[in-house]
Amino acid sequence: MLGELEQLVILGVLHAGRDAYGVPVHDEIQRRANRELTLGTIYKTLSRLEDKGLIASEWGLSENKQRAKFYRLTAAGKKQLSAEQSKWKLLVKAIAGVMKPAS
């Protein structure tokens, strides 16, 4: 479950912005999701997502002129993100219904 959550969060971050490399992805996850993931976890998850064809990468230069691997969402990644978002919305709705006090 945790691996799936990490993947969903990373897909969401890549979908919301431009191509990014590991450090900005990490920073954006911390900022937007209030979720602490190590850079090692980020890079492992990025690698898994790339192996699945959900993201693609290309080498470029970061803002401080360091060589970095930039990641972007593929069409398959966008489709997967949409499907996962739908599942999460249903799960949240089901949990909210269960957590309501009985009348």
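The values are calculated or read from the model by the stated rules, or taken from the named source; none is laboratory data. These numbers come from a predicted model, not from an experiment. Reconstructed Cβ throughout: ideal geometry from the backbone, glycine too, with neighbour counts over all protein chains shown.
Listed here are the residues, each with its yes/no results for (1) out of contact with any Gly (no Cβ under 7 Å at 6 or more places or on another chain); (2) in a loop (DSSP other than H, G, I, E, B).
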{"site": "His26", "(1), (2)": "yes, no"}
{"site": "Arg32", "(1), (2)": "yes, no"}
{"site": "Glu36", "(1), (2)": "yes, yes"}
{"site": "Tyr43", "(1), (2)": "no, no"}
{"site": "Leu46", "(1), (2)": "no, no"}
{"site": "Glu50", "(1), (2)": "yes, no"}
{"site": "Glu58", "(1), (2)": "yes, no"}
{"site": "Phe70", "(1), (2)": "no, no"}
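Determine whether Arg18 is of a type in the set (D, E, K, R) and in a helix (DSSP H, G or I). No; evaluated as a whole, the condition is false for this residue.
Scanning the stretch 33-83 for residues that are loosely packed, with under 15 Cβ neighbours inside 10 Å, polar (S, T, N, Q) and closer than 13 Å to Leu11 by Cβ turns up just one, Ser82.
Would you check if Lys65 is closer than 17 Å to Ala20 by Cα, assigned to a loop (DSSP other than H, G, I, E, B) and modelled with pLDDT of 90 or more? I'd like the intermediate steps shown before the answer.
Values: closer than 17 Å to Ala20 by Cα: yes; assigned to a loop (DSSP other than H, G, I, E, B): yes; modelled with pLDDT of 90 or more: yes.
Yes.
If you go through the stretch 84-103 and pick out every residue that is polar (S, T, N, Q) and surrounded by 10 or more Cβ atoms within 10 Å (Cβ to Cβ), you end up with 2.
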